[in-house]
Amino acid sequence: MVRKGQAMRNLSFGRTVHLLDVENLVGSARPGTREVATMMTHYRRRVPAGVMDQYVVAVNHGALLTVGMALTGVQLLARSGRDGADNALREVIMLDHLDARFERVVIGSGDGIFTELAAWLAGLGMLVVVVSRPGALSHGLRRTAREVIPLDLAA
């Protein structure tokens, strides 16, 4: 007999959720469509993905159109205000029971605001990977992540 916890863990096996703060990954609060497409090309080259992976992308409301035009097949969240995109991703982390649905979480941001949440996810048994531009990664997030993948858009 399979217990409920085992069944939920089986649903997460091999699956990854990619939580992307596009503004942080591109290095601009109002990235253009071409910049976002270029960033995503580099991201996909550097970060392994499976067919069951899910992408959650967050931006401020002013970048919604350009990011939406550049990316397809993602869950796109928009939030206004200071740290709006960060707060939208934080809500996903805290409320969407990621540990029950995914084995690994990739945080595409270098912002220190994700440090405690990354530690919390690791404590739930998730493999936490961080993708960040060189020089844009907070020390706390670097220490918390199991793996750090640099995203050099100039390469």
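Per-residue Karplus couplings for region 19-31, computed as 6.51 cos²θ - 1.76 cosθ + 1.60 with θ equal to phi - 60°, are listed in order as 9, 10, 8, 4, 4, 5, 5, 7, x, 8, 6, 10, x Hz, Gly and Pro entered as x. Under a 5 Å amide H cut-off, with hydrogens placed 1.01 Å from N, Gly108 pairs with Leu19, Leu20, Asp21, Val131 among residues at least 5 apart or on other chains. Exposed loop sites, defined as trypsin sites (Lys or Arg not before Pro) outside DSSP H, G, I, E and B with at most 13 other Cβ atoms within 10 Å, are absent from the longest region of the chain, namely 4-81. The charge dipole of the chain, taken about the Cα centre with unit charges on the Cβ atoms of Lys, Arg (+1) and Asp, Glu (-1), comes to about 360 debye, rounded to the nearest 20.
Mean residue ellipticity at 222 nm, helices only, the chain: -11500 deg cm²/dmol; runs of at least 4 DSSP H residues each add -39,500 (n - 2.57), and the sum is divided by the number of residues. For region 102-155 versus region 33-90, the spacing of their alpha-carbon centroids is 16 Å.
The local environment of Val17, defined by Cβ-Cβ distances under 9 Å, has a net charge of +1 under the rule Lys, Arg +1 and Asp, Glu -1.
When the chain is modelled as a GNM with alpha-carbon springs shorter than 10 Å, which of His61, His97, His42 fluctuates the most? Top of the fluctuation ranking is His97. When the chain is modelled as a GNM with alpha-carbon springs shorter than 10 Å, which of Pro31, Pro134, Pro48 fluctuates the most? Taking springs between Cα atoms under 10 Å, the residue moving most is Pro48.
What does the charge count around Pro150 come to, taking other residues whose C-beta lies under 13 Å from its C-beta (Lys +1, Arg +1, Asp -1, Glu -1)? Value of the local net charge: +2. If you average the sequence gap of Cα pairs under 8 Å that are 6 or more apart and divide by the length of the chain, what percent do you get for the contact order? Relative contact order of the chain: 27 percent. Of the residues Val17, Val51, Val131, the one that moves most in a GNM of the chain with alpha-carbon contacts below 10 Å is Val51.
Any read-out appearing in this document is the output of simple, stated calculations on the displayed coordinates, not a laboratory observation. It should be emphasised that the depicted structure is a prediction, and the values quoted were computed from it without experimental measurement. Ideal geometry is used to build each Cβ from the backbone, glycine not excepted, and the neighbour counts take in all protein chains shown.
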